[in-house]
Amino acid sequence: MKTDLLIGQYPGADSAPLFIAMERGFFKEEGLTVKQEPIQAPQQVLGKLSNGAMDVVLGSYATILTIQEQGTEKFKYIADSYQGAQGAFGIMVKKDSPIKKVADLKGKKVGVNALKGLGVLTMNPHFKVAGLDPDKDLTYVEVPTTNWLSSLDKGDVDAVWMTDPYVSQAKKELGATMLVDTMSGPTESLPITGWAATEKWVADNPKTLAAFQRAMAKAQNIAATDRSAVTKVLPTFTKIPAETAATINLGAYPTSLSAQRIQRVADLMLDSGMLKKEMDVKSMIYTAPTQG
């Protein structure tokens, strides 16, 4: 059994269970030695995942599904991580902005961290409801996460899609308001990120995988039921100060992996042209071989 693992994690609330598991010795109990590496997106580390230098990666469902369709790598989902909740993801506008409703974004620039990712995926259905065509009526501008507040403040863009803790920070520092909560209505409780490994890795390391899943399930359960465990661990691996961590709107931590839930992401992606053909998520969910 492979016992030394390198895990790619996104430094946000999504990864809190990983750090809870490391801090509380859950991996050690399973005979695993786990190291982690912060990443921006799975695409950056595909080489490492393919050659086995990295074992497991946290990725947004939108990203992993895109890679899967392109065929650059084949993944299996091995654990759910994070799910949207109200107040934590939305389009922010400046304090005295003339933009008062979604329809007012016609002809405007909207900042988002990736032009093909969760932000666009969750904004598009709300634009359609408001009678806007996302391809013709507004312009998406790529703005790195670290520049979200400054670009809104300077007026480089008219609105910015943000996730908490930036939502809270924008309200506090800029007096910004949320124009639309992108985890409401058609996108309510949308699955955000999950843990994945390549099909080859999964086939080669069933015992290691089972041990990883057991340790993570314990930590996920803590994250799901004890908010303070999450807010306490956040400042240890993100730039979020403890006082912000204490008050941010957190998403949810699902304790089971559901193909049905993740299928919603694939269907939304197909609808907004991010996927070219229908994708059956069920085939991507890892199921342990039955003991004979």
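General observations
- Computed Kirkwood radius, in angstrom, where 1/r is averaged over Cα pairs of segment 89-187: 13.0
- Here each label is just a point 7 Å from Cα along the line to Cβ, and for Thr33 and Asn51 those points are 2.1 nm apart.
- Hydrodynamic radius by Kirkwood, which averages 1/r over all alpha carbon pairs of the chain, in angstrom: 19.7
- Percent RCO, i.e. relative contact order, over segment 121-180, from Cα pairs under 8 Å lying at least 6 residues apart: 19
- Net charge in the neighbourhood of Tyr61 (other residues with Cβ under 10 Å of its Cβ; Lys, Arg +1, Asp, Glu -1) is +1.
- Here the dipole of the chain is about 140 debye; that uses its Cα centre as origin and unit charges on the Cβ of Lys and Arg (positive) and Asp and Glu (negative).
- Pairs of Cα atoms nearer than 8 Å and 6+ residues apart set the relative contact order; for the chain it is 29 percent.
- Pairs exceeding 28 Å between alpha-carbon atoms, taken from Lys94/Lys136; Lys28/Lys116; Lys76/Lys101; Lys108/Lys232; Lys128/Lys239: Lys28/Lys116; Lys76/Lys101; Lys108/Lys232; Lys128/Lys239.
- Between Lys108 and Lys128, the contour length at 0.36 nm per residue exceeds the Cα-Cα span by 5.7 nm.
- Subtracting the Cα-Cα distance of Glu23 and Leu270 from 0.36 nm times their residue separation leaves 85.0 nm of extension gain.
- Each residue in Tyr166, Tyr82, Tyr286, Tyr61 was given a count of other beta-carbon atoms within 10 angstrom of its own, and listing them fewest first yields Tyr286, Tyr166, Tyr82, Tyr61.
- Thr236-Glu188 FRET efficiency (beta carbon distance; Förster radius 45 Å; 0.05 resolution): 0.90
- Given R0 = 41 Å, the distance between the Cβ atoms of Glu173 and Ala203 translates into a calculated FRET efficiency of 0.25.
- Convex hull of Cα atoms in segment 211-269, direction-averaged projection (nm²): 5.5
- Here the mean projected area of the convex hull built on the C-alpha positions of segment 83-136 is 4.3 nm².
- Added length on full extension, which subtracts the Cα-Cα distance from 0.36 nm per residue, Lys74 to Lys2: 23.9 nm
- Residues listed by number, segment 126-142, amide nitrogen under 11 Å from Ser151 label point at 7 Å toward C-beta: 140-142
- Alpha-carbon Debye profile of segment 1-124, log10 I(q)/I(0) at 0.12, 0.19, 0.22 Å⁻¹: -0.59, -1.13, -1.37
- Calculated over segment 173-226: convex hull of Cα atoms, volume per residue (Å³): 165
- Using a cutoff of 8 angstrom between alpha carbon atoms and counting only pairs six or more residues apart, the relative contact order for segment 122-258 works out to 22 percent.
- GNM top mover of Gln213, Gln260, Gln36 - the chain, alpha-carbon springs below 10 Å: Gln260
Laboratory data are not the source of any read-out in this text; all were calculated from the coordinates shown. Keep in mind that this is a model prediction, so the values were computed, not measured. Cβ sites come from the backbone with ideal geometry, for glycine too, and all protein chains shown count toward neighbours.
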